[in-house]
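Here's the structure we're looking at; comments come further down.
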Amino acid sequence: MICYAFAVPFEGQELVNKLTEKETFSLGTLSCVTGKLGHRTVLVAFIGMGLTNAAVNTQVIFDHFRLKAFILAGFGGALVPQLKRGSVLISDNFTHEEVKQFVRLLPDFNFANFCSTDEVVATPERKAEYAEATQCQVVDMETAAVAEIVVGREKPFIAVRAISDELGDRLPAAALAAGFDAERNCATPAKLVLHCVTHPWDIKPFKNFIKGLPPVRANLTRFLIQLTSELPSSW
């Protein structure tokens, strides 16, 4: 069985929609769906935002499932101007070397170095600081923590990110935080409405950011399906 892990349900919902014979359940704060993706039995898990949540729930996955491989997917921020919204990247510095031979001939992706942080990197200035400090091209909030556990289990690991925000973008970080509870891994619309009432200048940036996410997710889902077809049948 292959695990496809995402931080939040929105990132993985389109892949879940592609599954047949679905079964949905929870393990504590970890939400899971098992089903068939083509001929494969797969697990889709939503491990939560941030390094701590991701690490805890990845461990829970390994406590309950015997996996052949682990694919972490989701959105990431661009740290260099060459990466545009919707671009799909595989981590060159975290992905298992054995796995790279199976993906090199796939279309519509590039390799890049990823770095991970608990901070929502929301401004061009902060992104430039991360780029200089880490020499990475993509920033996310989970890969480093998940990779450490999966590699420790000696399982093949692939990290995939689709770019949700470009280097020059300013994210409405406060509105995003108000609209989502990272501990419960669910939307909080009432808090978001209250935030927008008291911070009306955040409404337009928030709407613009959210509006741009479905095409990014579509690119990510399309690539994951292509990727699945290239992986060893024994997985």
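The values are calculated or read from the model by the stated rules, or taken from the named source; none is laboratory data. Note that the structure is a prediction, hence the values are computed from the model and not measured. Cβ atoms come from the backbone with ideal geometry, glycine included; neighbour counts cover every protein chain shown.
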Next item on the list: Only residues in the range 186-205 that are closer than 26 Å to Gly12 by Cβ count as the first member; pair them with residues that are among the basic types (Lys, Arg), Cβ under 8 angstrom, at least 6 apart or cross-chain, and list the lot.
Entry: Pro205/Arg170
Next item on the list: State all residues of the range 78-101 that are of a type outside the set (Val, Ile, Thr), buried (at least 16 other Cβ atoms within 10 Å of the Cβ) and in contact with a Leu (Cβ under 8 Å, 6 or more places away or on another chain); if no residue qualifies, say none.
Entry: Ala78, Leu79, Leu83, Leu89
Next item on the list: Pull up the range 193-235, narrow it to residues that are touching a helix residue (DSSP H, G or I) at 6+ places or on another chain (Cβ under 8 Å) and not in a helix (DSSP H, G or I), then point me to the one that is surrounded by the most Cβ atoms within 10 Å (Cβ to Cβ).
Entry: Leu231
Note to self: As an exercise: evaluate Glu230 against (1) closer than 19 Å to Val42 by Cα; (2) acidic (Asp, Glu); (3) at pLDDT 90 or above and give the number of the one condition it does not meet.
What the structure shows: (3)
Margin query: Take the conditions hydrophobic (A, V, I, L, M, F, W, C) and surrounded by fewer than 17 Cβ atoms within 10 Å (Cβ to Cβ) and apply them to Phe65. Does it pass?
Written below: yes
Next item on the list: Kindly indicate which of Phe62, Phe75 is touching a helix residue (DSSP H, G or I) at 6+ places or on another chain (Cβ under 8 Å), hydrophobic (A, V, I, L, M, F, W, C) and within 25 Å of Ser164 (Cα to Cα).
Entry: Phe75
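Is it fair to say Ala178 is surrounded by fewer than 18 Cβ atoms within 10 Å (Cβ to Cβ) and over 25 Å from Leu15 (Cα atoms)? Before the answer, list the steps.
On the way: surrounded by fewer than 18 Cβ atoms within 10 Å (Cβ to Cβ): no; over 25 Å from Leu15 (Cα atoms): yes.
So Ala178 fails the test.
Could you list, in sequence order, all residues of the range 18-55 that are among the charged types (D, E, K, R) and over 18 Å from the mean Cα position of the chain (by Cα)?
Keep residues of the range 18-55 that are among the charged types (D, E, K, R), which gives 18, 21-23, 36, 40.
Across the range 18-55, the qualifying residues are Glu21, Lys22, Glu23, Lys36, Arg40.
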Checklist line | Cross-chain or 6+ apart pairs with Cβ under 6 Å, the range 11-31 first and farther than 21 Å from Gly50 by Cα, then assigned to a strand (DSSP E or B) and of a type in the set (Lys, Arg) | finding: Thr20/Lys36; Glu21/Lys36
Margin query: Looking at the range 25-62 only, could you name the residues that are at pLDDT 95 or above and of a type in the set (S, T, N, Q)?
Written below: Thr34, Asn57, Thr58, Gln59
Checklist line | Leading residue by the ranking (nearest to the chain's Cα centre (by Cα)) among those in the range 154-185 that are among the basic types (Lys, Arg) and over 14 Å from Ile71 (Cα atoms) | finding: Arg184
Checklist line | Spans of helices (runs of 4 or more DSSP H) in the range 59-160 with at least 2 residues of a type in the set (Lys, Arg) and without any contact (Cβ under 8 Å) to a residue 12 or more places away in the chain | finding: none
